Amino acid sequence: MIEGANESMGLSDVGERRLRVMSFNIQAGVETRHYRQYVTHSWKHLLPHRERLQNLNRIANLVRGYDLVGLQEVDSGSLRTGFIDQTEYLAHRAEFPHWYKQINRSLGKLAQHSNGVLCHLRPSEISEHKLPGLPGRGAILCRFGGVDHGLVVCILHLALGRRARMRQVAYVGEMMSQYPHLVIMGDLNCGCDSPELELLMDRLDLWEPTCEASTFPSWRPVRKLDHILVSRTLGIENAKVVDCSFSDHLPISLDVVLPEKIELAA
């Protein structure tokens, strides 16, 4: 069940058939601007600090204008965040009526490594899936409308190792094969020309409009680790990497233009 009690505005209410989406690895709210800060600021990944909340507020202002946001490396409430559930905090701060968190690696009071989703349109169904490989990687699947004529959005964070990623994309490809209209987003930890990403795109007939733009590290991006993959049945506009320094990853965003045959209501 997705959290959040308020009813949300559907796309038809604003006279448009488009969905503004963003994917963002927020590094648990830690701002990083240089490689050396992985060492000098490593304590921020373990202990609470005032700057984290200030940075979360900046992230909330950034995501406020989107219809759906997929989050990676969020914390679901532990010592290091002052026991703040970051997905819920961003939902309230940025005025998203619906949100969902998936805890993939629980270290008790020390850390709650999670994925999250924020959305204005209430999903018809939402589910979470543990990915193959070592514990700690997962995917959130949100379906809007029916199976045949709806839209399915998957938020995921893949493993660091290629062998594990190959198993994970094979699992995702099988899981998503029944849906004709897809958006898959997240920190996939691999580039556009990697065998695992090519396998996923070929299996589900997906493409990516921002492959030429790097996302990591945020202060001098040279690698493309973050992706939004879409079905060829969908129109895409305004695809871009967003230039901001709120994490060690840059967020990516685009507008999904929905054909008339897609119905987002259940």
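Quick note: the coordinates plus some simple rules give every number you see, no bench work behind them. These numbers were taken from a predicted model, which means no experiment stands behind them. So basically every Cβ, Gly included, is an ideal-geometry build from the backbone, and we count neighbours across all protein chains shown.
List of remarks:
- DSSP bridge analysis restricted to the chain gives an antiparallel fraction near 80%, rounded to the nearest 5.
- Approximating the spin labels as points 7 Å out from Cα along Cα→Cβ, the Lys109-to-Glu260 distance works out to 6.0 nm.
- The trypsin sites (Lys or Arg not before Pro) of region 107-182 that DSSP puts in a loop, and whose beta carbon has at most 15 other beta carbons within 10 Å, are Lys109.
- Identified option (computed P(r) over Cα pairs in 5 Å bins from 0, in percent; candidates [x] 1, 5, 9, 11, 12, 12, 11, 10, 10, 9, 6, 2, 1, 0; [y] 1, 5, 9, 11, 11, 9, 8, 8, 8, 8, 7, 6, 4, 3, 2, 1, 0, 0; [z] 1, 6, 14, 19, 21, 18, 13, 6, 2, 1, 0): [z]
- Mean separation of Cα contacts under 8 Å, 6 or more apart, over the residue count of region 108-266: relative contact order %: 20
- Taking a ≥ b ≥ c as the square roots of the eigenvalues of the alpha-carbon gyration tensor, region 133-266 is classed oblate because a/c is 1.5 or more while a/b is no larger than b/c.
- Sum of -39500 (n - 2.57) over DSSP H runs of 4+, divided by residues of the chain (222 nm, nearest 500): -5500 deg cm²/dmol
- Angle of helix 50-63 to the longest C-alpha principal axis of the chain, folded into 0 to 90 degrees and rounded to 10: 20°.
- Positive-end residue of Gly138, His149, Leu188, charge dipole of region 137-212 with Cβ unit charges: Gly138
- Those Cys residues of the chain for which no other cysteine Cβ falls under 4.7 Å: Cys119, Cys142, Cys154, Cys190, Cys244
- Taking every C-alpha pair closer than 8 Å and separated by at least 6 residues, the mean separation divided by the residue count of the chain gives a relative contact order of 21 percent.
- With Cα atoms, 0 to 90° folded angle of helix 195-204 axis to the chain main axis: 30
- If R0 is 51 Å, the Cβ-Cβ spacing of Glu198 and Arg50 corresponds to a FRET efficiency of close to 0.70.
- In this structure the amide hydrogen of Thr32, modeled in the peptide plane, comes within under 5 Å of the amide hydrogens of Ser247, Asp248, none closer than 5 places in sequence on its chain.
- Taking the Cα centre of region 87-157 as reference, the dipole from Cβ charges on Lys and Arg (+1) and Asp and Glu (-1) amounts to some 300 debye.
- Overall form of region 67-132 per C-alpha gyration tensor (a/c, 1.5; a/b vs b/c): oblate
- Karplus-derived 3J(HN,Hα) values for region 171-179, using 6.51 cos²θ - 1.76 cosθ + 1.60 with θ = phi - 60°, are 5, 5, x, 5, 5, 9, 5, 7, 9 Hz; glycine and proline are entered as x.
- Proximity of backbone amide H atoms, modeled 1.01 Å from N, is registered between Val242 and Ile252, Ser253 at under 5 Å, excluding neighbours fewer than 5 places apart on the same chain.
- Lysine-lysine proximity count for the chain, Cα under 27 Å, sequence distance 8 or more or distinct chains: 11
- The GluC sites (Glu not before Pro) of region 218-266 meeting both criteria, a DSSP state outside H, G, I, E and B (loop) and at most 10 other C-beta atoms within 10 angstrom of the site's C-beta, are Glu260.
- Modelled FRET efficiency - R0 22 Å, Arg17 with Arg232, Cβ distances, 0.05 increments: 0.80
- When you filter the chymotrypsin sites (Phe, Trp or Tyr not before Pro) in region 52-89 for DSSP loop state and at most 15 other Cβ atoms inside 10 Å of their Cβ, you are left with Phe83.
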